[in-house]
Amino acid sequence: MKKTLTILFTVSLALLVFGQTALAIPAFARKHAFNCNMCHVGFTKLNDFGQRFRDNGYQIPGQQGLEKTVFESAFPLAMRTTAGYSLYGTGGQSTGGFHIYNLDLLSGGVLHKNISYMFIYTPRIDEPAADFTGPGTGDNPAQLAAIESAAVVFSNIVRDKLNLRVGRFEPGFQLISSKRSYYILQPYEIYSFAGTRNSFDFSANQIGIEATGRFRPGLKYALGYINGTGANPDNNKFNDVYLALSKTFGKGEGQSAGQRIGVFGYLGWQPTALLVPIVSPVGDVNGVDNRGYYRFGGDISLNWRTFNLQGMAFRGVDNRDFNDFEPTLNYAFWGGVAELDWAGLPNNRLVASLMYNWVRPPDYNAVHKLDACSALVRYYLGSWSAVNVAIHAEFTHRQLGSVAPIKENLFTILLDFDF
Amino acid sequence: MRRTLISIALSVVVLAAAAGLIWALADQQAPPLIQINAQVLGPQAIGPLPPVVAPPGNPPSSAKIRLGKELYFDPRLSADGAISCATCHDPALGWSDEGPTSAGIRGQLGGRRSPPVSNAAYSPLQFWDGRSPSLEDQAKGPIQNPVEMGNTHEAMIQTVSGISAYQTEFKAVYGEGPITVDQVAEAIAAFERTVVTTDSRFDRYARGDHGSLTPLEKEGLEIFNGKGHCTACHWGPYFSDGRFHNLGVPPLDPEKPDLGRYDVTKNPRDRRAFKTPTIRDAARRPPYLHNGSEKTLESLIEFYDRGGGKDPNLDPLMVPLGLSKHEKAALVAFIKSLDSLNPEVANVKPIDPRDLPR
């Protein structure tokens, strides 16, 4: 706790000193002297403009080569942290406390026309996780130290049609981004669901290479070749592949205007045994008995005024060797999320959202059947370019298992501080 | 194993080289872009305008500015003695005209709206399509444009040289020798550089007087630089990036659409793209856009809220905005707060025709 606070304090001070001379991530907003709503419906959810900015390698769409690089502007640093109070109840008991939920240090910018980077570091937060595991012991940190993103983007290799991301990045099949969700405590549950011995996480940032692009009218693709093991070593020689296609109808990107539908497929392999004698100098063990798994599904995003209804669902199938329950059967499941967002007050100072998550494991694994209903309200204290603070209240009711389900409630009120 | 590693390494190198090559080629095909120096690169914060910088070849003096002002308001520069610069760039109409497009000599209609001369000193390129690099160069155009002042430079010089008060003034500014077109243009440009906004309620606010904008106008400012995406193009103290964008403005004649910047660069990406105009004093000069197709600020905001018009070359920055009624009203209110309060711009009768040189 003390360590986290010291880090927070030092970083805040450093950013205050260096950040002021500059004019988003808040770093982008400062560089361009825009306020957050230029790119976000309400941070962190991107609007159409922000989506195009991201797709164009963090360059203003159509203006590549006509803006400052990181060498010509103040060094782009940004920070995001959320801290607040959580109240958790289950089985007639309840508990609560103050927490720091996360701390991200971000840097991103343009290095040269059509070459840019994004870097996100999350330091370890040695506090018990404020998730549904309830009060922890301290060896269950709220956040692990990790380089969440470290990617270089080569944009417009073929104008609009081919961009390459290399490094660790958020893969493009996640059109409904878990990294830019309004929800801070409630994840998109299906994203991190898998057979018992498969560690693949749909929402994890991945290491590899990805090609993205767009074709008129509103047709986009993302094609990737990645480890598929998130931050873990990839203990096999096989890499995972994915393809996502989406089509937008009407003007816009389907984020805050226009209607968008998409389909995606993911194909991966993981070892089910490790051959320890061979370890590469960079830590990979020779995994053997590789087995496959795949995901395929679709997503949709509908906009009307400032309402956005987005949803996604997919089916996952993991090879039977990942299945500890019924080792003769492939582990097949499906699930999804439906989310209704609304923005109101001038410049979207207020956002509200309802969300439903469902996970449907195979029948013999009914204890993992999950339903979660969530709601949130976020109020932004200002419309500034250098900094923004939101007051955020979030509630989730979750039900796990179909016979004698575990029912849980989590209410959190927090400050989301970005600059 | 070693062979596999080598072949993987090789293919990566080949791929990277190919990507680099494609990228370099793509880069070379990039459109010829206007030269904007490094300081102007990319969006800047909106705020009060900095002092105007005159080009080294045309240093201002009070005598030259006075001369330029007289020439600007003098209809004798036109072929029939009826049209002055101020006919189409009238201080009383926000240094523009009634529109929708300009009527010149003998009532002939041009195809484009008259842009404001006020603050044009800050525009890196002149005209809707940026075909003129400076105010000096620009000022020579209208005099011999057949649908504007319909004159020839020679005839105009003869007229001006025949007015003795002008002779004295030109001599005082430029010394001995015959009056030239360049001198006329330089004097007009020197005057235009004084028609700049140093004061508006927005500027007062930006300088720290927080009471000078109403709460609605302040909301409008936030939306202008946020949800409205307006500063993506209308950035910096001049409220313009000086670049060219296709907003999908419906052409007056769909058979023969005005191709805008394309006619200058021949770059397909510039098709029907027009220069971002400043929005300082915009409330004073309806109608709007390069062909005056939007009659009011309110209808213009509706146009933006729809994500602009239809065009295959629509600018990627144009997206529907999802603005509420209140947000639209706030934007209009904010634009009105940019009306100049300083006399150089706001004065509707800067010169009495009887005071013109005889």
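Quick notes
- Scanning the range A:302-335 for residues that are assigned to a strand (DSSP E or B) and closer than 25 Å to residue A:355 by Cβ yields a total of 17.
- In the range B:326-341, the residue that is surrounded by the most Cβ atoms within 10 Å (Cβ to Cβ) out of those that are more than 18 Å from residue B:204 (Cα to Cα) and of a type in the set (Gly, Ala, Ser) is B:330.
- Residue satisfying condition, being more than 20 Å from residue B:196 (Cβ to Cβ) and either open to solvent by 50 Å² or more (accessible area, probe 1.4 Å) or in contact with a strand residue (DSSP E or B) (Cβ under 9 Å, 6 or more places away or on another chain) (or both), within set B:113, B:66: B:113
- Residues that are open to solvent by 30 Å² or more (accessible area, probe 1.4 Å) and more than 14 Å from chain B (Cβ to nearest Cβ) within the range A:286-299 comprise A:288, A:289, A:290, A:291, A:294, A:296, listed in sequence order.
Rundown of residues vs (1) at negative phi; (2) in contact with a helix residue (DSSP H, G or I) (Cβ under 6 Å, 6 or more places away or on another chain), yes/no style:
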site: B:122; (1), (2): yes, no
site: B:135; (1), (2): yes, yes
site: B:146; (1), (2): yes, no
site: B:150; (1), (2): no, yes
site: B:154; (1), (2): yes, no
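- Candidate set from the range A:394-410 (those that are surrounded by fewer than 15 Cβ atoms within 10 Å (Cβ to Cβ) and among the hydrophobic types (A, V, I, L, M, F, W, C)); member that is nearest to residue A:181 (Cα to Cα): A:406
- In the range A:69-115, the residues that are within 14 Å of chain B (Cβ to nearest Cβ), part of a strand (DSSP E or B) and under 21 Å from residue A:388 (Cα atoms): A:109
- Candidates in the range B:217-246 are the residues that are over 19 Å from residue A:49 (Cα atoms) and open to solvent by 20 Å² or more (accessible area, probe 1.4 Å); of these, the one that is nearest to the other protein chains (Cβ to nearest Cβ) is B:219.
- Within the range A:236-254, the residues that satisfy the criterion of being open to solvent by 20 Å² or more (accessible area, probe 1.4 Å) and farther than 15 Å from residue A:292 by Cβ are A:243, A:245, A:247, A:249, A:250, A:251.
- Matching option when the condition is in a strand (DSSP E or B), away from chain A (no Cβ under 12 Å) and not hydroxyl-bearing (Ser, Thr, Tyr), among B:274, B:303: B:274
- Test: residue in the range A:350-367 that is more than 14 Å from chain B (Cβ to nearest Cβ) and among the charged types (D, E, K, R): yes
- So residue B:181, is it open to solvent by less than 50 Å² (accessible area, probe 1.4 Å) and away from chain A (no Cβ under 14 Å): yes
- Members of the range A:162-180 that are at pLDDT 95 or above and either closer than 19 Å to residue A:375 by Cβ or surrounded by fewer than 21 Cβ atoms within 10 Å (Cβ to Cβ) (or both): A:162, A:164, A:166, A:167
- Unique residue being closer than 23 Å to residue B:100 by Cα and assigned by TED's automatic domain parsing to the domain that holds residue B:325 when the list is B:241, B:253: B:253
- Matching residues, the range A:44-66, being within 11 Å of another protein chain (Cβ to nearest Cβ) and within 27 Å of residue A:389 (Cβ to Cβ): A:47, A:48, A:49, A:50, A:51, A:52, A:53, A:60
- The range B:84-139, subset touching a Phe, Trp or Tyr at 6+ places or on another chain (Cβ under 8 Å) and polar (S, T, N, Q), residue nearest to residue B:234 (Cα to Cα): B:123
- Annotation: residue B:204 fulfils all but one of (1) within 21 Å of residue B:136 (Cα to Cα); (2) part of a helix (DSSP H, G or I); the unmet one is (1).
- Residue within the range B:287-309 that is modelled with pLDDT under 95 and closer than 22 Å to residue B:197 by Cβ present: no
- Residue, nearest to the other protein chains (Cβ to nearest Cβ), within the range A:300-316, restricted to residues that are touching a Lys or Arg at 6+ places or on another chain (Cβ under 8 Å) and open to solvent by less than 40 Å² (accessible area, probe 1.4 Å): A:301
- The one condition from (1) more than 12 Å from chain B (Cβ to nearest Cβ); (2) open to solvent by less than 70 Å² (accessible area, probe 1.4 Å); (3) of a type in the set (D, E, K, R); (4) out of contact with any Lys or Arg (no Cβ under 6 Å at 6 or more places or on another chain) that residue A:210 does not meet is (4).
- Pairs where the first residue, in the range B:246-266, is under 20 Å from residue B:288 (Cα atoms) and the second is open to solvent by less than 50 Å² (accessible area, probe 1.4 Å) and assigned to a helix (DSSP H, G or I), C-beta under 6 Å, 6+ apart: B:261/B:270
- Here is the figure for the range A:38-54: residues that are in a helix (DSSP H, G or I) and either under 12 Å from residue B:319 (Cα atoms) or of a type in the set (A, V, I, L, M) (or both) total 6.
- Looking at the range B:81-186, the helices (runs of 4 or more DSSP H) lying wholly inside it that each contain 2 or more residues that are within 15 Å of the chain's Cα centre (by Cα) sit at B:135-144.
- Filter pass, residue B:35 being in a helix (DSSP H, G or I), modelled with pLDDT under 90 and either touching a strand residue (DSSP E or B) at 6+ places or on another chain (Cβ under 7 Å) or open to solvent by 70 Å² or more (accessible area, probe 1.4 Å) (or both): no
- Long-range neighbours under 7 Å by Cβ, at least six apart or interchain, first residue away from chain B (no Cβ under 12 Å) and closer than 16 Å to residue B:306 by Cβ within the range A:248-263, second modelled with pLDDT of 95 or more and open to solvent by 10 Å² or more (accessible area, probe 1.4 Å): A:249/A:259
- Lone unmet requirement of (1) open to solvent by less than 20 Å² (accessible area, probe 1.4 Å); (2) closer than 19 Å to residue A:184 by Cβ for residue A:96: (1)
- Residue A:137, sole failed condition from (1) at pLDDT below 95; (2) over 18 Å from the mean Cα position of the chain (by Cα); (3) open to solvent by less than 30 Å² (accessible area, probe 1.4 Å): (3)
- Residue B:321 surrounded by fewer than 22 Cβ atoms within 10 Å (Cβ to Cβ), within 24 Å of residue A:56 (Cβ to Cβ), within 14 Å of chain A (Cβ to nearest Cβ) and hydrophobic (A, V, I, L, M, F, W, C): no
The values are calculated or read from the model by the stated rules, or taken from the named source; none is laboratory data. These numbers were taken from a predicted model, which means no experiment stands behind them. Please note: Cβ atoms are built from the backbone with ideal geometry, for glycine as well, and neighbour counts cover all protein chains shown. Heavy atoms of the whole protein, side chains included, go into the accessibility calculation; ligands, DNA and RNA do not. Shrake-Rupley method; radii C 1.70, N 1.55, O 1.52, S 1.80 Å.
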